[in-house]
Every structure is written in C-alpha cells, then in structure tokens.
There are 2 protein chains.
Amino acid sequence: MSKDPDSSAAQAGPDAAQRAQKAILQRLYAPVATELAEVERQYRAELSSDDPYIANLLEYIEDYSGKKLRPALLLLAGKACGRVTPDHLTLGVVAEMLHTATLVHDDILDEALLRRKRASINALAGNEVSVLLGDHIFSHAFEVSLRCTTPLGAREFSRAMAKTCFGEIMQVHNRNNFELTEDQYFRIIEGKTAELYATSAMLGAAYAGANEAVAQAFYDYGMNLGRAFQIMDDLLDLLGEEALVGKTLGSDVEKGKPTLPLIHHLHAIAPAQRKASLEAARAGRRADLLPLLHGTGSFKYAAGVANRLVASAKSGLDVMAVNPLRDLLDEVADFVLAREA
Amino acid sequence: MSKDPDSSAAQAGPDAAQRAQKAILQRLYAPVATELAEVERQYRAELSSDDPYIANLLEYIEDYSGKKLRPALLLLAGKACGRVTPDHLTLGVVAEMLHTATLVHDDILDEALLRRKRASINALAGNEVSVLLGDHIFSHAFEVSLRCTTPLGAREFSRAMAKTCFGEIMQVHNRNNFELTEDQYFRIIEGKTAELYATSAMLGAAYAGANEAVAQAFYDYGMNLGRAFQIMDDLLDLLGEEALVGKTLGSDVEKGKPTLPLIHHLHAIAPAQRKASLEAARAGRRADLLPLLHGTGSFKYAAGVANRLVASAKSGLDVMAVNPLRDLLDEVADFVLAREA
C-alpha cells in the first residue's frame, strides 16, 4: 500500500504554506512536545492487529491523524493547570482515536475520495470495512480510556461521542434544509465538532487537579474553539484551495450541508433575489454561490462570528491567573482563525 | 412511522411457530422474568432523545431487539451464581444496546431491506443516518456501562466489541474466498458472534461474585453457545423459510459469505465436481447449491458440529454444583439448536 500516492502532484505553494503552518503548531505545542510524541507513539501502538490485513488497514488509517489539536489541547490544559500525568497521555490517545474513528465514518458519509491528499479508506477498502474499522477504533478507544486511574475520562468521552453522533445525525437530517436557523446550526456544530474539543480541554484541566470552575472554563474554551474551528472549516470548504486543504472542496455545498455563510446569506438576501440563491444552493453550484455570498457580506459575517468566539474562548480563561501556558492557549485559539487547511 | 407494516402479510404457520418459540423462551427466562422486564424498560429509556426526529429513529430501532439472549444469559448466569444485582441490570442493557448497534451497522453491510419483518433502518433512513445511529448507540452503551460499581463490565464489553469488529472485518475480507479453512471460519464467528455471548455470560457470573474458574467456565459456555448459534444461523439462511426467519434468505450465499456447510462441501466434494459447486457459490445460486450440499452431507455435518458445541457448552458448566439454574442453562443451550428463526 503506497504511503503517499499524491505527493508528486503536490505544488510548491501549498507545501510552503503547510510548512509554515506546521512551524506555528510546533511552536504552540512546544511545552508538551515530549508528551505529544509519546501520545503519538501510544496511538500508533493501539492501532494494531495480529492479522496482517487488518494491521495494514490500521497503519493506513494512522495517517488520518493530522494536527492533533485534541490531544494537544488536553495536554496544554493539563500543563496550564499544573501537571501532565500518565492519565493525560492515555486520554490524549483516546481523543485522537475517537477523532480518527469519526473521520473514518465521515468519509463514508461524505463519499469522500480523498483524505489528507491520499485515497480515503472507504475509497480503498469499501464502505463495509470502513464502518467496521471505525467501530473497532471506537470500541478500542473506550477500552483504552479505562486504563486511567479514575473513570472520569471514560465517562466524559463516551458522553461526548454520543452527543457528537447526535450532532452529525441532525446535520444529515437538515441537508438541503435552507430554512435552517443559526441556532439550529450551532446545535449541530456544537455536537459534531465542538464537544470533543471541549471535553478534551476539560479533561486536561480536571486530571491536573483543577477545581470545577476551572475545568468548566476549559470546557467552555474548547467549546468556543470548536465552534470557531467549524465555521472556519465552512469558510475553507467554500473559499480554500484544494491542493492546500487536501480534500475535495465545495463538498459541503454539493451535499447540501448547512454552513454559516450560506445560512446568513439566505436570511440577508432581498426576497426578490432569494430564488436565484436557493437554486444555486440546491444545485450545489459553488462557483455561482461565491459572488452571491460575497454580495451579502456573508463570508465576512461568518469570519466575524468565528472571531468573536475565539475572543470568548480567550476571555473565558480569565478564571485562571496569568501564566505563560495561558498565553499560549490564547495563541492556540488565534491559530484556529489563521489556519489555511 | 408504522410499527409493523408487514403484519398483514404474515402467515398463520410462521406465526404459530414463532408463538411456540416465544413460549419456550418465556419458560427459559422465567427465573429472571422480572429482571429482564426491567432491563427492557431501561433499554428503551436509554434509546431516547430530546430531538423528535432522533427520538423517532431510536424508537424504531428499539424493535431490533429480539430474543434478548445476551441480557438473558447475563441474568441467568448471575442467578445461577447466586444473585442478580443492579449492575447485572445495567450490563444487560449494555449487552442489548451493543447488539442493537451491531445490527444497525450490519444492515448497512448486508444492504438488508428487512429486519424482523420490517423495513431495516438503512432502508428507511439511509446509510449515513444508520452509521451515525449505530455510533451513537455504541457510545451511549459505553457511557451506561460506567454506571456499574466496578469498571469490569465496561472494560470487558469494550474489549469484546473491538474483537467483534475484527471478526466482522475478517468476514468481509474473506468474502468469496472459497479456500477458507474451518479454522479461519471459527476465528471469524468467534469474533463476530460468540464473543458478545461469552462476555455476557462471564460478566453475569463475575458480578454475582463467582470465582475466576467459574467466570471462565461461563465465558466458555457463552463462546460455545455463540459458535453454535452462528452455525445454526448459517443453516437457517440456507434452509429456513423467509416468512419465519423474518429476513431475506440466501443472502449469505449471495454476498459470498463463508458459511460452515459450504466450507465443508467444498472440502468434501470430489475434485472433478468441485468446479460446478464453485460456480454455483460464486454466482450465489442458493437453489443450485442446496442439492449439492445435501449430496456431501454438509448440512448434517454443520448440524453435528453445532450439536457438539452445545454439548461442550453444557459439560463446561460441570465446574458448578448441580442446581436448577444450571439445568436451565443446559436447556438454553439446547434452544440454540432448536430455534427456527
């Protein structure tokens, strides 16, 4: 199984941008670099099997792991609250496994052909194997979570995953529902995206011995970060460059997924012109939608919402005394706005 | 959403046979009838949501729950070992939830249109929603398992589910592999079917305070029962009556699934005649295969293996003193051989 079939097609531009992004993350993750490397090692060890066929599939899937934002958040929150314990490492592995499992299943849902510039696992091994591999990773992640000294992590991650699935179901159910309100949109993304960030940050604080108010502040921090992250994802899907993002663009529009710029546009557009917008949205014509959404300032609006969420994420940590790790968490929040992929 | 769209089409024959089967189960489950009703009540309460769309889907899926063999085994094992505790009830709910989640995902894999004589959830709501609903039920089942007084149940069920998925992946991977050995077949069914029975029976014993040897004996009992159950499933798929079984028959053959009668046949048939058998198997022609498999005594052979497994299940419980509950567990094992659906 080739490791990077598309590398020859990659352009210098995207590569340079990705190197720049990697450098930023390296700096942000520096205080927990050793711990994150250990999480990475354990994560790869957990995705294994005696059976060569399954081992091969799991090895392929290991590379679904990208920015490792969830384990990084968990570790940074721990460090900010005083210490990183072996439980933090275990839960970092769990966070990344759960995220990977959702990606494996998402690719089925999205009928995606690409994931991180390589063939997605469903394109490679079929939907059936993808469903089962995702199920295996979910189950094994819960098994791993029980190695912690207390059941809090297992309890919170299983609760978070159950909520994540509800968010995703609501998203599918509201496909092509162009009457969706912002409130409904937020309930969807809080489930499907933000809950796992929030739970990771909260557990990082809690396993460092933080009190309930601080743990809650970290939960809220992760929730706002996750909301902003999803809105930026919406924007990237519409405005990004395919080579940079590494997946098929415009698929949200094609699949009729509700995104914040589109929701804003359909509420902001003059009634007489709404029909043309609806037609472009229903037909999934990204190229036609772009000027229409620019016309109502909908990209600016969505970016503004993401900005305010990041500001809330940062101010929420005021509950803690100022320390260098807290400053870094501010920068992590800012990174969500600046990322290009 | 209609509760039983096919009831008008059901025949008197199958209904009578199913009533008879229900009566047998009622007798076998009698010592834990109250507890099983409580498990059923809690199970339905767990499959709920504030969102009306999701609540509707979960309510529909509740009826995937059929014979409730896994929670019944767990409760009967507990009773046989001395007591049924609130943990048993919780774990009974978990066993049934995990089973339900695998059924939801299996229907996607099998592209099944029917489940228990009604439209399958994937036929009704699509593959995407089915993947996510299954994921939700898995995650929530793990969440529920953590309500127990000790983490053993959560740990064992998550381990069992991870193994179950591996078994299922191996099954998909070996589709249309007509060189499959019996050993490979058993590794597949031990994962995909027997592990959840074995773990349910073992946990029933362990949570009643049984020592390790007894808990292991119950694990083995469940494992042998599960193996036999799957072989009988293979036979029913080939020889059963659709109205009785309540799902599309011959789908194992059509999907190229390795079943014990076919594996036996392809090893027993004279080399000169093997080509015709292989062609019928590859083309998924159930009607052509039936006389061929009869010719090599392959149905009898598979039934014989199932019989011996049930005998092993029963003799394995010799580690316990004779008591009425132990006798009943013998009868539960016999039921696996006698069931018609």
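Conditions (1) crowded, with 20+ Cβ neighbours inside 10 Å; (2) under 18 Å from the mean Cα position of the chain (by Cα), marked per residue:
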| position | (1), (2) |
| --- | --- |
| A:145 | yes, no |
| A:177 | no, no |
| A:183 | no, no |
| A:188 | yes, yes |
| A:208 | yes, no |
| A:215 | yes, no |
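Considered as a group, the residues in segment B:135-149 that are more than 7 Å from chain A (Cβ to nearest Cβ) and of a type in the set (Gly, Ala, Ser) include one that is farthest from residue B:88 (Cα to Cα), and that residue is B:141. Residue A:313 meets each of the listed conditions (1) without any contact (Cβ under 8 Å) to a residue 12 or more places away in the chain; (2) touching a helix residue (DSSP H, G or I) at 6+ places or on another chain (Cβ under 6 Å) apart from (1). Can residue B:113 be described as within 9 Å of chain A (Cβ to nearest Cβ) and at pLDDT below 70? Answer is no for this residue.
Quick one: is residue B:46 within 14 Å of residue B:136 (Cα to Cα) and touching a residue at least 40 places away in the same chain (Cβ under 8 Å)? It is true that residue B:46 is within 14 Å of residue B:136 (Cα to Cα) and touching a residue at least 40 places away in the same chain (Cβ under 8 Å). Within segment B:294-305, at least one residue is in contact with a helix residue (DSSP H, G or I) (Cβ under 8 Å, 6 or more places away or on another chain) and under 27 Å from residue B:26 (Cβ atoms).
Might you let me know whether segment B:263-285 holds any residue that is of a type in the set (S, T, N, Q), modelled with pLDDT under 95 and over 26 Å from residue B:192 (Cβ atoms)? Yes, because at least one residue in segment B:263-285 is of a type in the set (S, T, N, Q), modelled with pLDDT under 95 and over 26 Å from residue B:192 (Cβ atoms).
Taking (1) part of a helix (DSSP H, G or I); (2) touching a residue at least 40 places away in the same chain (Cβ under 8 Å); (3) of a type in the set (S, T, N, Q) in turn, residue A:122 satisfies each apart from (2). Is segment B:231-239 home to any residue that is β-branched (Val, Ile, Thr) and modelled with pLDDT of 95 or more? The answer is yes, given that some residue of segment B:231-239 is β-branched (Val, Ile, Thr) and modelled with pLDDT of 95 or more. Entry remark, segment B:41-58: residues being assigned to a helix (DSSP H, G or I) and either in contact with a helix residue (DSSP H, G or I) (Cβ under 8 Å, 6 or more places away or on another chain) or of a type in the set (Phe, Trp, Tyr) (or both) number 8 in total. With respect to the conditions (1) within 30 Å of residue B:131 (Cα to Cα); (2) surrounded by 15 or more Cβ atoms within 10 Å (Cβ to Cβ), residue A:41 falls short on a single one, namely (2). Of all residues in segment A:196-239, exactly one satisfies the criterion of being under 19 Å from residue A:158 (Cβ atoms) and among the β-branched types (Val, Ile, Thr), namely A:199. Residue A:195 satisfies every condition listed in (1) out of contact with any Lys or Arg (no Cβ under 8 Å at 6 or more places or on another chain); (2) surrounded by 23 or more Cβ atoms within 10 Å (Cβ to Cβ) except (1).
Residues in segment A:59-80 that are in a helix (DSSP H, G or I) and small (Gly, Ala, Ser): A:72, A:77, A:78, A:80. Per the conditions (1) surrounded by fewer than 24 Cβ atoms within 10 Å (Cβ to Cβ); (2) touching a residue at least 12 places away in the same chain (Cβ under 8 Å), the sole criterion not satisfied by residue B:225 is (1).
Whether any residue in segment B:150-172 is more than 13 Å from residue B:102 (Cβ to Cβ), more than 7 Å from chain A (Cβ to nearest Cβ), touching a residue at least 12 places away in the same chain (Cβ under 8 Å) and not in a helix (DSSP H, G or I) is what I want to check. Yes, there is a match, as at least one residue in segment B:150-172 is more than 13 Å from residue B:102 (Cβ to Cβ), more than 7 Å from chain A (Cβ to nearest Cβ), touching a residue at least 12 places away in the same chain (Cβ under 8 Å) and not in a helix (DSSP H, G or I).
Checking each residue in segment A:173-199 for being closer than 20 Å to residue A:70 by Cα, at pLDDT below 95 and within 13 Å of another protein chain (Cβ to nearest Cβ) picks out only A:192.
The values are calculated or read from the model by the stated rules, or taken from the named source; none is laboratory data. All of these numbers come straight from a predicted model, not from anything done at the bench. Positions of Cβ are backbone-derived with ideal geometry, glycine not excepted, and every protein chain shown enters the neighbour counts.
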